[in-house]
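Report on the structure given below.
The values are calculated or read from the model by the stated rules, or taken from the named source; none is laboratory data. These numbers were taken from a predicted model, which means no experiment stands behind them. Methodologically, a virtual Cβ is constructed for each residue, glycine included, from the backbone with ideal geometry; neighbour enumeration extends over all protein chains shown. We work out accessible area using only protein heavy atoms, side chains counted, and drop any ligands, DNA or RNA first. Shrake-Rupley method; radii C 1.70, N 1.55, O 1.52, S 1.80 Å.
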Amino acid sequence: MDQAEAILARAMHSHQYGAAVSALKEKSILSGKRVERSEVGGPGQFDHLSDEELRAEIVREVRELGLILVESSERQHEGDCSKK
């Protein structure tokens, strides 16, 4: 963080705003204020799954990651997830 702060200060002093933005981004990542995310899978990869199959796939992935899944006793939306 100290190095990123020093780079930011030098970049601003030198009017190197691109470098300053990069230093700010790095600081935000290091501090946990910015999280880099990426989508896994192609567009429509899960479209062919029913709601139950999709739920089962999510549960499988969560367990594979070693996370604990807490399911509610009552689901708000049954059937097609796209309906409100």
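Summary table below
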{"quantity": "Of all residues in segment 26-37 being more than 17 Å from Asp2 (Cα to Cα) and open to solvent by less than 100 Å² (accessible area, probe 1.4 Å), the one that is modelled with the highest pLDDT", "calculated": "Arg34"}
{"quantity": "Selection from segment 9-25 of residues that are open to solvent by 90 Å² or more (accessible area, probe 1.4 Å) and not aliphatic (A, V, I, L, M)", "calculated": "Arg10, His13, His15, Gln16, Tyr17, Lys25"}
{"quantity": "When residues of segment 1-18 are limited to those that are more than 19 Å from Ile29 (Cβ to Cβ) and in a loop (DSSP other than H, G, I, E, B), the one farthest from the chain's Cα centre (by Cα)", "calculated": "Ser14"}
